[in-house]
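Below is one structure, written out as C-alpha cells, with a few remarks after it.
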Ligand code: TYD
Ligand code: MG
C-alpha cells in the first residue's frame, strides 16, 4: 500500500502545516500541532463510533419507528469485568483500559482473554455461557515469551484456552489489523496504544498523532469485522501523559484500573460506557495468581486489625451504585518548628486543610499548630464529600485521644460554617453498613427533616459538626457518648443524652432506633 500523506494539524484552529512547529503560524497557539494522516473524504466518514451499530440511512426516522439495536454480549468469564462492561464485551466495540504502569492491566486482560477463549460465563455475569472463541493478543510491550511466562504464572496454560489465544509481538497497527482480519478472533487485545505506530506517520510511538491514528484504524477494523478490541493505555497519576485521554471520545467504553501499586486492592471503574452504565465498579485483589475478584467488596476497604486506636472512623462511600465501607484514619501530632505538616493519602489534601480550618473555627478542635496526617485504608483514592464527616471525626478522635465506637459509621459533607450537608444515596450506604454489622450511624439532617429508616442501625442525625463530634467522640470533658453540656453550645447545637434504644428524643439531634419505620 502506498504511504499516505500526513499533515501537522493545529488542534486549536484546524490549519494544516507540512512540518511540525512549536507555534501554529495561523492562530499563534503553542504546541497544538498534531501529525495527522490525510484521509480520503469517504474513508473519513466510515470511521464513526456507531458505524457498526447505527442505522445507515441518512433520512430521519421517528424514534418510535426505529428498530432497537440488538446487543450481543460475550462474557469475559470474570464477573467483575462483565459487571463493569454491562454484561460482557459487545462485538465490534472498542474498549480503552487505562491505568498507571504496573497496576495490572496486562494481567487482567490476559485473564480476560482466557475467559473469552474458554467461553464460560462467570457466576456473577448476567450473560449466558458463550461458546468461546479465539483471542488475538498483540503486545508491543513484552515479548511473546514474556506473555507466555505470565500466562503460566497465572495458571492459564491448561486446557482449551491456551490453544485459542494467539500472541503476537507486533507494534505496527497495519500488521495487527491484517492479522486480525485473517484470524477473525472474537476479541483483539492491543497492549498498549503507546507502543504501536502506523507507518504513515513520522512521530514516535505514543505521540498524540500516532495514538489517535492507531486507535482510528483499530476502530475501523473493529466496526468492519465485528471484532471487539480492547486497547490498553497507560495513564500517569497526574494525567500528564495525554495520549489515551485524547481517545476517550472515540472509543465505546473507557475503563480505568485504579489502586495503589504497593497495596493489593484494585478498582475497575467505567468512566464511559456506550453499552452500559458507568455506575458499576469492579473490585479485585492482586494475588499470587493474578487479579482475583473480591468476594465481599463492601468490606474490602475496612481495616481488619483488632486494634482500635483513636483516629479511626468508618465511612460509607458510593462507588457508582456500589456502597463501600472505608476506614478513614487520622493522626494528629504536636508540630515542631515551622509550618505544620498536612499530609493526606487517598483523600484530597486541600479538602483536608479546609476541614482542619472548619474544625478549629466551628467545632473547637484546634489543630493549627499540629501536624495532621490522614489516610484511607486499602490504598483507595476517593473524592466523595460524604467522607468529610468521618475524616473530621477521625481528626477529633485523634486529638482528644479517644476512640470512636467500632460499630459507628459516619456519612456527610461538611460546610464552611461547620454545618453537615446530606450526600446522595444515604439509605443505600446505611443499608450496607447495617449489613456489615455497624449499629450506629451519624448522618446529616436531611433537607426534608426526616430520618432514613434502615433496620438494624440506629441513625443519629446531627445538624452540625460539633453535635456529630459529641455523638461520636464524646464531649470535650467527658466520656464518649455523653452530652456536651459544659461548653455552652447554643441551644440548637445541644446534643441529646446517651442513646436510648427506640427512644427518639425530642431534642436535637434526632435519633431513630432499630427497625423504626
Ligand atoms: P501488569 O499487568 O504487568 O501491569 P500493567 O500491564 O498495568 O503495566 O502488572 C504487573 C504487576 O502485577 C507486577 O508488579 C507484579 C504484579 N503481579 C502479581 O502480583 N501477581 C501476578 O500473578 C502477576 C502476573 C503480576
Ligand atoms: Mg502491561
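The values are calculated or read from the model by the stated rules, or taken from the named source; none is laboratory data. A quick note: this is a predicted structure, and the numbers were derived from the prediction, not measured. So basically every Cβ, Gly included, is an ideal-geometry build from the backbone, and we count neighbours across all protein chains shown.
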- How many residues does region 257-306 hold that are within 16 Å of ligand 2 (Cβ to nearest atom) and either assigned to a loop (DSSP other than H, G, I, E, B) or within 26 Å of residue 329 (Cα to Cα) (or both)? 8
- Message: Checking the structure you have, find out if any residue of region 254-267 is away from ligand 1 (no atom under 16 Å from the Cβ), at pLDDT 80 or above and under 30 Å from residue 32 (Cα atoms).
- Response: no
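Condition check: more than 13 Å from the chain's Cα centre (by Cα), touching a residue at least 24 places away in the same chain (Cβ under 8 Å), buried (at least 19 other Cβ atoms within 10 Å of the Cβ) and not in a strand (DSSP E or B). Does residue 315 satisfy that?
Working: more than 13 Å from the chain's Cα centre (by Cα): yes; touching a residue at least 24 places away in the same chain (Cβ under 8 Å): yes; buried (at least 19 other Cβ atoms within 10 Å of the Cβ): yes; not in a strand (DSSP E or B): no.
In short, no.
Looking only at region 273-293, which residues are without any contact (Cβ under 8 Å) to a residue 60 or more places away in the chain and over 15 Å from the mean Cα position of the chain (by Cα)? Working first, answer last.
Step one: of region 273-293, the residues without any contact (Cβ under 8 Å) to a residue 60 or more places away in the chain are 278-279, 285, 287-288, 292.
Selection gives 287, 288, 292.
Quick check on residue 350: is it closer than 30 Å to residue 103 by Cα and free of Cβ contacts under 8 Å to residues at least 24 places away in the same chain? Reasoning before the result, please.
Working: closer than 30 Å to residue 103 by Cα: yes; free of Cβ contacts under 8 Å to residues at least 24 places away in the same chain: yes.
When the stated conditions are applied, residue 350 passes them.
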- Query: Could you count how many residues in region 85-106 are within 30 Å of residue 260 (Cα to Cα) and away from ligand 1 (no atom under 16 Å from the Cβ)?
  - Reply: 8
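Here is a list: 280, 182, 248, 202. Which entry is under 22 Å from residue 104 (Cβ atoms), surrounded by fewer than 15 Cβ atoms within 10 Å (Cβ to Cβ) and more than 16 Å from ligand 1 (Cβ to nearest atom)? Give the steps one after another, and end with the answer.
On the way: 280 fails: surrounded by fewer than 15 Cβ atoms within 10 Å (Cβ to Cβ); 182 fails: under 22 Å from residue 104 (Cβ atoms); 202 fails: under 22 Å from residue 104 (Cβ atoms).
Residue meeting the stated conditions: 248.
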- Query: Before we move on, is residue 116 under 18 Å from residue 231 (Cβ atoms), more than 16 Å from ligand 1 (Cβ to nearest atom), assigned to a helix (DSSP H, G or I) and within 27 Å of the chain's Cα centre (by Cα)?
  - Reply: yes
- Note on the structure: When restricted to 91, 101, the only residue within 16 Å of ligand 2 (Cβ to nearest atom) and in contact with a strand residue (DSSP E or B) (Cβ under 8 Å, 6 or more places away or on another chain) is 101
- Within region 455-471, is even one residue farther than 25 Å from residue 346 by Cα, over 26 Å from the mean Cα position of the chain (by Cα) and modelled with pLDDT under 90? yes
- Message: List the strands (runs of 3 or more DSSP E) inside region 130-233, counting only whole elements, that have at least 2 residues being in contact (Cβ under 8 Å) with a residue 60 or more places away in the chain and within 16 Å of ligand 2 (Cβ to nearest atom).
- Response: 187-191
- Message: Need the failing condition index for residue 201 against (1) modelled with pLDDT under 90; (2) in contact with a helix residue (DSSP H, G or I) (Cβ under 7 Å, 6 or more places away or on another chain); (3) closer than 20 Å to residue 249 by Cα, just the number.
- Response: (3)
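Touching a helix residue (DSSP H, G or I) at 6+ places or on another chain (Cβ under 8 Å) and within 20 Å of residue 72 (Cβ to Cβ), is that true of residue 257? Lay out the reasoning, then the answer.
On the way: touching a helix residue (DSSP H, G or I) at 6+ places or on another chain (Cβ under 8 Å): yes; within 20 Å of residue 72 (Cβ to Cβ): no.
In short, no.
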- Taking only pairs six or more apart or across chains, which ones have beta-carbon atoms under 8 Å, a first residue in region 93-111 that is over 15 Å from residue 264 (Cβ atoms), and a second residue that is part of a loop (DSSP other than H, G, I, E, B) and within 8 Å of ligand 2 (Cβ to nearest atom)? 105/192; 106/141; 106/142
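Tell me yes or no: at least one residue of region 234-243 is at pLDDT 90 or above, in contact with a helix residue (DSSP H, G or I) (Cβ under 7 Å, 6 or more places away or on another chain) and outside any loop (DSSP other than H, G, I, E, B).
First pass over region 234-243, keeping only residues at pLDDT 90 or above: none.
No - not one qualifying residue is present in region 234-243.
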- Hits in region 65-83 - residues which are in contact with a strand residue (DSSP E or B) (Cβ under 9 Å, 6 or more places away or on another chain) and either within 16 Å of ligand 1 (Cβ to nearest atom) or not in a helix (DSSP H, G or I) (or both): 73, 74, 75, 76, 78, 80, 81
- Check 162, 131 and return the single one that is within 16 Å of ligand 1 (Cβ to nearest atom), over 28 Å from the mean Cα position of the chain (by Cα), surrounded by fewer than 21 Cβ atoms within 10 Å (Cβ to Cβ) and modelled with pLDDT under 85. 162
